[in-house]
Amino acid sequence: MLRFLSGTSQRANFLFLVSLCFFLNGCVKHENLVRLQNADSQVLTAVCAPYTIHSNDYVVIDVKSLDPNSSYFYNIKSEQESDPYNESSLALNSYCVNAAGQINLPKIGFVNAKGLTVVELEKAVTDSLQKYFTLVFVKAKVVNMKFTVGGEVKQPGSKVMVRDFYTLSEALAMSGEVSDVADLSQVRVTREENGVYTSRTLDLRKSECVTDPFYIIRANDEIYVQPTRMKALEANLSPVRTALLFLTTTFAIIRLF
């Protein structure tokens with residue numbers, strides 16, 4: 001009887017130790033979960049240059065003047081599509097910047113847009129309309145600005161930008177935040193400039209990352225959050241856990257009978 005109890009105790013201890021190993025394997029250090037550590041003791045700065053217009057961008061032009069009937073036809077508006085940010089309605093509700101970097105406006109013809117900021121384009125269109133209107137007000141907006149987030153985030157996909165830029169932390173928040181197995185030290189941002197793609201890996205645990213130009217997310221940037229090694233280990237251990245659960249259940253049933 002004592003031998004049986006001793007054997008049962010050893011089996012229980014063995015199962016407890018195995019379970020403890022699995023539990024400890026799933027633990028993550030606190031410092032690996034905290035962003036921008038020691039940020040309070042540093043001056044954090046980042047350069048935020050305004051967005052410049054590119055070929056194939058879609059621009060909404062809104063013209064207002066003392067003669068609304070004359071200025072109204074500059075304002076493209078589809079009767080069927082009310083959301084200018086809807087990808088299917090961009091061509092109907094906006095002006096597309098052609099390969100030469102121009103937009104084609106009624107009466108005044110082609111206006112150079114490529115390389116200009118939105119404010120500079122507004123001034124260029126206003127100057128071109130001065131000959132037709134005594135007083136005119138022009139507002140422009142690029143409506144196809146997006147960035148893409150993938151990897152270990154809860155809501156991956158393309159995100160519409162209503163501003164020229166976001167911080168990387170804001171971009172991740174718009175994606176539902178990172179998952180439980182995201183590696184904050186391995187967040188890669190890919191950017192295209194003049195046909196050249198550049199990637200930078202940022203460590204969001206370190207406050208110094210906010211001074212990196214790639215911490216400021218711009219239109220067409222791609223963000224990828226890599227998984228921790230624990231995720232790969234979890235995948236490899238899944239069959240082992242299943243087998244262990246089966247053996248534990250079987251042992252418990254045998255002991256009942």
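Mind checking the full-extension length gain between R200 and D67? Use 0.36 nm per residue of separation minus the Cα-Cα distance, one decimal, nm.
Taking 0.36 nm per residue and subtracting the Cα distance, the gain is 42.8 nm.
Please report the net charge: other residues with Cβ closer than 10 Å to the Cβ of F165, K and R +1, D and E -1. Don't jump to the answer; show the numbers that get you there.
Working: positive: R163, R218; negative: D164, E170, D221.
With Lys, Arg at +1 and Asp, Glu at -1, the neighbours total -1.
In nanometres, what is the gap between the two model label sites at A100 and D180, each 7 Å from Cα along Cα-to-Cβ?
Each label point is offset 7 Å from its Cα along the Cβ direction, giving 5.9 nm.
Calculate the length of the line joining the C-alpha centroid of the range 186-214 to that of the range 149-171, in whole Å.
14
So, by mean Cβ neighbours within 10 angstrom, what's the order for 48-61, 154-167 with the highest one leading?
On the way: 48-61: 16.8, 154-167: 15.0.
Listed from highest to lowest mean packing, they are 48-61, 154-167.
Going 7 Å from the Cα of Y51 along its beta-carbon direction, which residues of the range 59-76 have the amide nitrogen within less than 14 Å of the resulting point?
Counting only backbone N, you get 59-61.
Values in this text are rule-based calculations from the coordinates and carry no lab data. Owing to the predicted nature of the structure, the values given are computational and were not obtained by experimental measurement. Methodologically, a virtual Cβ is constructed for each residue, glycine included, from the backbone with ideal geometry; neighbour enumeration extends over all protein chains shown.
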